[in-house]
Amino acid sequence: NAGVTQTPKFRVLKTGQSMTLLCAQDMNHEYMYWYRQDPGMGLRLIHYSVGEGTTAKGEVPDGYNVSRLKKQNFLLGLESAAPSQTSVYFCASSYPPAFFGQGTRLTVV
Amino acid sequence: AQSVAQPEDQVNVAEGNPLTVKCTYSVSGNPYLFWYVQYPNRGLQFLLKYITGDNLVKGSYGFEAEFNKSQTSFHLKKPSALVSDSALYFCAVRDRTGGFKTIFGAGTRLFVKA
């Protein structure tokens with residue numbers, strides 16, 4: 001039972017590049033979330049999903065897109081990365097969010 | 001709009017002493033409240049939650065939290081701190097009006113000295 005798995009764990013992007021972060025959970029949870037963690041600001045919700053095929057905006061959705069084509073996967077996309085998106089990204093699942101991945105540390109230069 | 005405040009960036013306590021990590025919240029109506037812990041280079045781990053009922057909630061690793069509606073607080077407590085409790089602690093809140101957004105505080109770093 002892997003729980004919540006995020007890939008990749010680390011990534012460095014140049015400004016303007018695109019990438020996709022993958023979150024996979026094997027617990028059959030309906031709810032999945034993407035958060036970013038910045039020093040002194042806690043976790044801020046980017047987007048979330050309440051089930052396969054559904055997505056919704058969180059607190060800080062600008063510059064990000066998401067898709068939930070399969071129940072077990074929740075993808076976070078950055079179409080044109082900016083330095084302000086340098087952060088640690090966490091995926092979570094269940095309601096309320098109780099299972100977190102180990103994080104993806106993204107640096108945009 | 002809902003919000004969470006953790007007024008202390010850092011809490012220092014000696015091993016064996018009781019610890020308290022403070023949290024206050026603002027929501028419309030009655031809240032759902034949560035505490036999480038984050039160890040270095042790890043994701044968050046769920047500790048406990050308040051949904052309804054008894055104001056004193058017991059959670060993992062000997063932690064408990066007290067819901068105080070009049071003071072809009074949900075402080076995390078432990079009777080006897082361990083060095084291994086040293087970590088970053090987050091309080092979170094969700095309102096009951098139908099939204100699914102769980103809002104996190106900025107976090108409080110707990111240092112337990114041997």
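The values are calculated or read from the model by the stated rules, or taken from the named source; none is laboratory data. Here the structure is a predicted model, which is why all the values come from computation and not from measurement. Glycine gets a Cβ as well: all are built from the backbone with ideal geometry, and neighbour counts include every protein chain shown. Surface accessibility is based on the protein's heavy atoms, side chains included, excluding ligands, DNA and RNA. Shrake-Rupley method; radii C 1.70, N 1.55, O 1.52, S 1.80 Å.
Would you tally the residues in the range A:1-44 being assigned to a strand (DSSP E or B) and open to solvent by less than 40 Å² (accessible area, probe 1.4 Å)?
Total satisfying the criteria: 17.
Which pairs do you get when a residue that is touching a residue at least 60 places away in the same chain (Cβ under 8 Å) and among the aliphatic types (A, V, I, L, M), found in the range A:4-18, comes within reach of a residue that is open to solvent by 70 Å² or more (accessible area, probe 1.4 Å) and assigned to a loop (DSSP other than H, G, I, E, B), reach meaning Cβ atoms under 8 angstrom, with the pair 6+ apart or on two chains?
A:VAL12/A:VAL109; A:LEU13/A:VAL109
Can you tell me which residues in the range B:58-75 are open to solvent by less than 20 Å² (accessible area, probe 1.4 Å) and part of a strand (DSSP E or B)?
B:ALA65, B:PHE67, B:SER73, B:PHE74
Within the range A:45-60, work out how many residues are open to solvent by 20 Å² or more (accessible area, probe 1.4 Å), on the phi < 0 side of the Ramachandran plot and over 11 Å from the mean Cα position of the chain (by Cα).
Final tally of qualifying residues: 8.
Testing A:TYR64 on (1) more than 14 Å from every other protein chain (Cβ to nearest Cβ); (2) open to solvent by less than 10 Å² (accessible area, probe 1.4 Å); (3) among the aromatic types (Phe, Trp, Tyr), one condition comes back false. Which one is that?
(2)
Residues A:LEU76, A:LEU69, A:LEU106: which one is loosely packed, with under 15 Cβ neighbours inside 10 Å and more than 11 Å from chain B (Cβ to nearest Cβ)?
Unique residue meeting the criteria: A:LEU69.
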